[in-house]
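Accompanying notes for the structure given below.
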Amino acid sequence: MSEIIDQGLAELDKKVGWNKLLVLTRPGNETDERDRVLANPSHNPTFTYPDMGFSHRDVYIDISRLRGMVGDSMTGFERVINLGFLEQLELNNRYLEARDTTGLQEASADIFSRPEEEDVLWAEQRYRIELPNEDKPFTPEMVIKYLKKYNQMIVEYMKEFGQGLPGITRIYDITINPNRTGIFVREEDGKIEVPDRDVSGIKLASDSVHEIGTHAVQYEIGCKQPFPAFWLGFPARSFTSEGLALHNEEHVAPEYGPKIKKRAGNIMAMHMAVDNSFSDIYNELLGAGYKPKEAFKCAMSAKRGFSDTSRKGANFNRNLYVKGLKDVKAYLEGGGEEWVLYAGRINPVYADRIKKVEGLYKPPENLPEEIRNLAKSFLNPD
């Protein structure tokens with residue numbers, strides 16, 4: 001029975017899991033509409049989206065069926081986590097079902113939460129900061145070289161200190177994708193795509209610890225754990241994953257201006273989108289010193305899932321990062337053990353129960369610090 005449940009959960013995750021929330025609300029005509037906006041700042045894009053490829057009704061039926069199976073055949077912590085995972089998938093399905101409707105804003109708020117007033121105030125104080133010119137000596141080919149080196153260093157560390165159970169064993173396949181604006185990791189496939197642009201050493205270090213040092217390591221260790229939720233994801237696991245990634249970035253590259261301005265821009269875009277059009281947001285960010293492509297990306301994220309972006313309405317998907325960072329800091333400041341956050345795609349709400357899971361592979365306690373130290377070596381690479 002557990003194998004049937006695990007397979008059913010994995011199949012649902014492929015349809016309405018966290019990754020699909022991004023894929024199915026990513027405009028298929030993003031490049032064309034971006035070019036129109038760059039040529040005419042008053043243009044409000046009309047976005048098109050990929051076909052869902054499944055029936056929302058069928059997903060609800062499958063969730064209900066699996067909920068009954070989990071309730072009837074599982075006990076203890078695995079039962080709790082799988083039921084929570086199914087609740088998360090139900091929220092995700094409702095969010096995707098609301099795509100391009102007036103219900104999308106509330107559906108996104110139910111998943112990602114709205115930016116809190118204190119976060120908006122933080123952003124208002126920072127989204128207009130002026131950034132100095134940055135030396136960018138690392139070409140995309142060099143980025144690939146150093147990401148692979150970082151990947152290899154973590155593998156070697158885990159072999160030596162991983163108590164006989166290596167956490168991350170794969171060297172990911174890393175390629176250039178000219179259509180990417182940032183690094184994108186496909187953990188399940190062992191692949192990473194990097195954008196076709198030069199970067200600074202501090203951005204290289206920051207991106208390394210975010211993508212490989214957090215996302216890849218969490219996934220690879222999760223795959224060694226006793227039950228599937230550790231790699232499929234605990235309820236709301238993406239808040240922890242992204243929050244931990246930003247927490248690691250802050251250790252490696254504290255007060256890095258471009259990251260702060262980007263985060264502030266995303267918050268302002270979400271805040272404005274509730275009552276404003278795409279072009280209103282875009283032009284506000286242009287006036288605050290954002291480059292056109294950066295302003296476009298912030299505005300697009302806040303209008304993600306809507307076709308007619310001249311309408312009012314926000315998607316709060318980028319609040320995932322803001323709330324995630326606050327949640328991770330609250331856990332650590334409350335005395336939480338940081339290694340637990342690397343036990344897989346987990347949620348620290350369950351930290352005490354995670355530590356008691358039978359057969360749990362415990363990551364080395366100094367793993368987080370070592371991962372950050374390895375990334376810091378790229379601040380002055382040889």
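Filter the DSSP H helices in the chain by two things, a Kyte-Doolittle mean of at least -1.0 and an axial alpha-carbon span of 18 angstrom or more, and list the hits by number. Write down the numbers at each step before the final one.
Values: long enough: 2-16 (21 Å, -0.26); 56-73 (26 Å, -0.43); 76-97 (32 Å, -0.26); 140-161 (31 Å, -0.40); 237-252 (23 Å, -0.70); 257-273 (24 Å, -0.31); 319-333 (21 Å, -0.24).
Span-like helices, by this rule, are 2-16, 56-73, 76-97, 140-161, 237-252, 257-273, 319-333.
Using a cut-off of 9 Å between beta-carbons, work out the net charge of the residues near Phe306 (Lys and Arg +1, Asp and Glu -1, Phe306 not included).
Local net charge: +2.
Going by the alpha-carbon gyration tensor, a ≥ b ≥ c the square roots of its eigenvalues, is the range 320-377 rounded (a/c under 1.5) or, if a/c is not under 1.5, prolate (a/b greater than b/c) versus oblate? Write down the numbers at each step before the final one.
Details: a/c = 1.94, a/b = 1.10, b/c = 1.76.
Oblate is the answer for the range 320-377, as a/c is 1.5 or above yet b/c matches or exceeds a/b.
Can you pull the one-decimal nm distance between simple spin-label points at Arg79 and Ala109, each 7 Å off the Cα toward Cβ?
About 3.5 nm separates the two model spin labels.
Of the peptides 209-217, 42-50, how do they stack up when ordered by the mean number of other Cβ atoms within 10 Å, highest first? It would help to have the intermediate numbers written out before the result.
Numbers: 209-217: 25.3, 42-50: 16.7.
Ranked from most to least packed, the peptides come out as 209-217, 42-50.
Listing Arg372, Arg311, Arg304 from the residue with the fewest other Cβ atoms within 10 Å to the one with the most, what is the order?
Final ranking by Cβ density, sparse to dense: Arg311, Arg372, Arg304.
Express the relative contact order of the chain as a whole percentage, based on alpha carbon pairs under 8 Å and six or more residues apart in sequence.
Values: 600 pairs, mean separation 87.6, N = 382.
It rounds to 23 percent for the chain.
Which of Ile129, His215, Ser113 sits farthest toward the positive end of the charge dipole of the chain, with +1 on the Cβ of Lys and Arg and -1 on the Cβ of Asp and Glu?
After comparing all options, I get Ile129.
Within 10 Å, count the other beta carbons around each residue, average over each peptide in 197-207, 236-246, 71-81, and list them highest first.
Values: 197-207: 20.6, 236-246: 23.8, 71-81: 14.7.
Peptide ranking by packing, descending: 236-246, 197-207, 71-81.
Taking each pair of different alpha-carbon atoms in the chain once, compute 1/r for the pair, average those values, and report the inverse of that mean as the Kirkwood hydrodynamic radius in Å to one decimal. Show your work: numbers first, answer last.
Values: mean 1/r = 0.0463 Å⁻¹.
Result for the chain, one decimal place: 21.6 Å.
With just the Cα atoms defining each centre, how far is the range 134-156 from the range 210-279? Give it in Å.
20 Å
Listed highest first by mean packing, meaning other Cβ atoms within 10 Å per residue, what order do 348-360, 265-277 come in? Kindly include the intermediate steps, with their values, before the conclusion.
Values: 348-360: 14.7, 265-277: 22.8.
Highest mean packing first, the order is 265-277, 348-360.
In whole Å, how far is the Cα centre of the range 71-101 from that of the range 300-317?
25 Å
About the Cα centre of the chain, how large is the charge dipole given +1 on each Lys and Arg Cβ and -1 on each Asp and Glu Cβ? Please answer in debye to the nearest 20. It would help to have the intermediate numbers written out before the result.
Details: 50 positive and 59 negative charges, 67 e Å.
So the dipole magnitude of the chain works out to roughly 320 debye.
Taking amide H positions as placed 1.01 Å from N in the peptide plane, with prolines and chain starts having none, which residues 5 or more places from Ile192, or on another chain, fall under 5 Å of its amide H?
Amide H neighbours of Ile192: Asp173, Ile174, Thr175, Arg186.
Pop a pseudo-label 7 angstrom from the Cα along the beta-carbon direction at both Asn380 and Val23 and give the gap in nm to one decimal.
Output for this residue pair reads 4.3 nm.
Of Met69, Leu96, Ser42, which is farthest towards the positive pole of the chain's charge dipole, taken about the Cα centre with +1 and -1 on the beta-carbons of Lys, Arg and Asp, Glu respectively?
Ser42
In the neighborhood of Pro228, defined by Cβ-to-Cβ distances under 11 Å, what is the net charge if each Lys or Arg adds +1 and each Asp or Glu adds -1?
Details: positive: Arg345; negative: Glu3, Asp6, Asp13, Glu78.
For residues surrounding Pro228, the net value is -3.
Readers should treat all values here as calculations from the given coordinates under stated rules, not as data from a laboratory. Nothing here was measured: the structure is a model prediction, and the numbers come from that model. Neighbour counts are summed over all protein chains in view; Cβ atoms, including those assigned to glycine, are modelled from backbone coordinates with ideal geometry.
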